Amino acid sequence: MSGGRQSLYGMLPAELEALLAERGAPRYRADQVLRAAYRGFAQAFAEIRQLPAELRDWLAERLELSPAREVRRVVSDDGLTTKLLLELGDGTLIETVLMQYPPSKPGAHPRSTVCVSTQAGCAMGCVFCATGQMGFERNLKAAEIVAQVIHVARLLDERGQHVTNIVFMGMGEPLANYGETIRAVRVLTDPRCFGIGQRHITISTVGVIRGIDRLAGEGLQVGLAISLHAPNDALRRRLVPTAGPHSVGELVAAAKRYFAATGRRVTFEYALIAGENDSDATALELARLVRGTGAHVNLIPVNPTAGGYRRPSRQRVLAFERILREAGVNCTVRVEKGTEISAACGQLRTDAAKGTLIALDEVREAASGRGPALPKRTASPAPSRSR
């Protein structure tokens with residue numbers, strides 16, 4: 001936010017109505033503003049011509065209506081994954097990813113999933129994750145989370161497409177920024193705002209137990225994904241240094257409570273790392289742990305990393321999956337999206353900071369308008385990590 005102004009993207013309709021009531025404006029003015037912002041993608045109040053000029057000026061003095069500034073766009077070879085490096089109002093750099101999947105039938109829209117960040121950096125320290133290794137900078141405001149979705153929605157609108165799903169799986173731990181994450185969810189799902197269905201949103205956590213239980217009591221129908229990565233505490237603490245001494249059992253219990261409260265099946269995310277957690281014995285241990293919980297296991301071959309972590313061979317991944325399936329565990333192997341452009345969270349920002357894509361000062365110069373515009377790239381060979 002700048003100049004003490006609040007962002008419209010962080011406001012619920014009732015809050016906007018209350019603000020407009022100070023001016024004596026009728027309720028329908030709030031609907032006009034919200035439609036222009038979330039359907040017409042207006043970037044300034046001056047663009048909302050349905051409003052009287054003096055009301056547009058009055059709102060502009062009190063509210064911001066500006067998305068994040070795009071400073072880098074990288075597109076995968078197949079054109080289905082687009083990674084964005086965005087700059088927020090205070091110069092903070094974050095990442096947002098658009099992942100698209102071909103339509104199931106001719107003429108239909110593709111499934112378009114936006115992966116949003118909730119923090120700049122992350123304090124969880126997962127050893128194979130680029131964001132976890134960069135440290136924690138700050139929490140994002142709800143408006144900054146929503147602005148990422150609006151930025152991608154505008155991009156898709158230019159193609160005649162729309163956002164179909166949102167996943168809170170980008171930089172940061174959503175449940176460590178609980179209040180702003182939930183406010184963003186409520187703005188994004190409110191039918192007078194962005195209006196996406198709750199069941200089309202998934203929140204991913206590395207294991208904030210209190211946050212999982214709070215989320216279960218919110219009355220929301222969002223999906224929950226828990227980054228498990230190991231079937232026992234010793235292995236999990238090696239991969240996730242901030243994990244508690246009994247985190248595995250606590251997470252399974254929390255998943256059961258979430259399912260009981262919401263009726264929504266929980267997904268356990270499991271990053272497969274060669275030589276670390278991909279053996280047959282580990283697969284059998286994982287099967288014993290989650291069998292009968294009703295949870296789904298999503299196997300994620302880890303992205304190639306500069307720190308030496310490697311993904312297992314395709315044969316090893318399929319063997320691990322087969323063991324789980326034969327034990328009665330519902331599981332899938334995640335379809336890889338954007339590996340060649342470092343699409344896992346934290347990679348583009350890390351690459352920018354290291355200068356492997358572009359010098360950070362050049363990014364800021366271009367974003368501020370003081371330097372030359374940056375060309376879009378369509379490939380990045382830089383190796384890095386995945387969440």
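Within the range 87-109, can one find any residue that is loosely packed, with under 15 Cβ neighbours inside 10 Å, under 23 Å from Y38 (Cβ atoms), modelled with pLDDT under 95 and touching a His at 6+ places or on another chain (Cβ under 9 Å)?
yes
So how many residues does the range 288-310 have that are out of contact with any helix residue (DSSP H, G or I) (no Cβ under 8 Å at 6 or more places or on another chain) and without any contact (Cβ under 8 Å) to a residue 60 or more places away in the chain?
Final tally of qualifying residues: 6.
All but one of (1) in a loop (DSSP other than H, G, I, E, B); (2) open to solvent by 30 Å² or more (accessible area, probe 1.4 Å) hold for R183; state the number of the condition that does not hold.
For R183, the failing item is (1).
Does T282 qualify as being out of contact with any strand residue (DSSP E or B) (no Cβ under 8 Å at 6 or more places or on another chain) and either free of Cβ contacts under 8 Å to residues at least 12 places away in the same chain or open to solvent by 70 Å² or more (accessible area, probe 1.4 Å) (or both)?
In short, no.
Restricting to the range 133-176, name every residue that is open to solvent by 10 Å² or more (accessible area, probe 1.4 Å), over 30 Å from G107 (Cβ atoms) and not hydrophobic (A, V, I, L, M, F, W, C).
Of everything in the range 133-176, those that are open to solvent by 10 Å² or more (accessible area, probe 1.4 Å), over 30 Å from G107 (Cβ atoms) and not hydrophobic (A, V, I, L, M, F, W, C) turn out to be Q133, G135, E137, R138, N139, K141, E144.
Please verify whether L16 is assigned to a helix (DSSP H, G or I) and not polar (S, T, N, Q), treating the condition exactly as stated.
Judged against the criteria, L16 is a match.
Take residues that are in the same structural domain as N165 (by the TED database), without any contact (Cβ under 8 Å) to a residue 40 or more places away in the chain and of a type in the set (D, E, K, R) and tell me which of the helices (runs of 4 or more DSSP H) falling wholly in the range 196-262 contain 2 or more.
209-216, 233-239
Looking at the range 38-55, I want the residues that are over 22 Å from A184 (Cβ atoms) and have a partner that is of a type in the set (K, R) and open to solvent by 10 Å² or more (accessible area, probe 1.4 Å) with Cβ atoms under 7 Å, at least 6 apart or on another chain. Which pairs are those?
Close Cβ pairs (under 7 Å, with a partner that is of a type in the set (K, R) and open to solvent by 10 Å² or more (accessible area, probe 1.4 Å)) amount to A46/R56; I48/R56; L51/R29; L55/R23; L55/R29.
The values are calculated or read from the model by the stated rules, or taken from the named source; none is laboratory data. Please read these numbers as outputs of a predicted model, since none were measured by experiment. Here Cβ is always computed from backbone atoms with ideal geometry, including for glycine, and neighbour counts include all displayed protein chains. Only protein heavy atoms, including side chains, enter the accessible area calculation; ligands, DNA and RNA are left aside. Shrake-Rupley method; radii C 1.70, N 1.55, O 1.52, S 1.80 Å.
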